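To keep things clear, I will list the structure first and then write my remarks on it.
The values are calculated or read from the model by the stated rules, or taken from the named source; none is laboratory data. The shown structure was predicted, so the numbers you read here are calculated from the model rather than taken from an experiment. We place every Cβ from the backbone using ideal geometry, glycine too, and count neighbours over all the protein chains shown.
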Amino acid sequence: MKRMMLAGIAFIASSSVALAADAGAVVTPGPFSPPPAYGGAAAYPTPAVMPGPFAPPPAYPPVRVYDWTGFYVGINGGGESGSTEWVSLVPIPPAAGTAHFSGGIVGGTLGYNLQTGEPYVLGIEADLDWSGGLKATTTLAAGCVNLAGTAAPCELQVPWLGTARLRFGYAFDTIMPYLTGGAALANLKAETVGQPLGSVADTNLGWTVGGGIEAAVWDAWRVKVEYLYVNLNGFTCNGPCAGGPIGFDVKSSVVRAGINYRFAPN
């Protein structure tokens, strides 16, 4: 019995020594000891470093929200003003002068844009505007002669104007300034005021240049404002203008606004 008790005491003592050895001795750091290390870099990542007051902002890749590619239709309206320089060989010596015209215009637009990459946009646009017959009347009555053989005013009308143009735009996401240029086509009508059958009409081909700015305002809807300089070249009135010839050189400026609806590509 006594031996068994001694064996048990020896077993407990040896177990305690082993546990104490496994646990290790507790060491109390001194006043100059370094702080204990806790884990590695993987367990405790390096905190983010805040940029200084002069550090550049972080770079983020540009994100394009709006794509200008696609067909579109629209309406436009505004004003057209211009002048015609005219020269008449009736009577002799030749008479010459300048007449001015101005009025409102309204019409429709059809076009297509292609955004080839950030941020350039290439496009083609055509429009046709009705003016209601803008009129320029000569300031010198000697330009035309009526049936009675007396001097009468000469009048030039521009009933409608159409253009077919290329557009070159630079898109700032939903806002695009652009330059444009191309052909202009207009109906010109000259007449001797008050003379029956004293008029002649023709369709003149000219050219136009200008620029504008367009913006997407809601989904497929866009608005624009633009300016065009239009040169319709020369136009001559012979027999109806008392035998003529009377030459008209027509130039105008167009300022208009428009609303377009884009058909988005698939």
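Structure summary
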item: Subset tally (residues that are in a strand (DSSP E or B) and touching an Asp or Glu at 6+ places or on another chain (Cβ under 9 Å)) for segment 114-123; result: 1
item: Top-ranked residue in segment 98-111 [being of a type outside the set (S, T, N, Q) and crowded, with 16+ Cβ neighbours inside 10 Å; ranked as nearest to VAL158 (Cα to Cα)]; result: PHE101
item: Cross-chain or 6+ apart pairs with Cβ under 8 Å, segment 79-95 first and over 13 Å from CYS154 (Cα atoms), then modelled with pLDDT under 70 and assigned to a strand (DSSP E or B); result: PRO91/VAL145
item: Verdict on VAL209 being in contact with a Gly (Cβ under 9 Å, 6 or more places away or on another chain), modelled with pLDDT of 90 or more and in a strand (DSSP E or B); result: yes
item: Extreme residue, modelled with the highest pLDDT, among residues of segment 116-140 that are among the small types (Gly, Ala, Ser), within 21 Å of THR84 (Cα to Cα) and crowded, with 16+ Cβ neighbours inside 10 Å; result: SER131
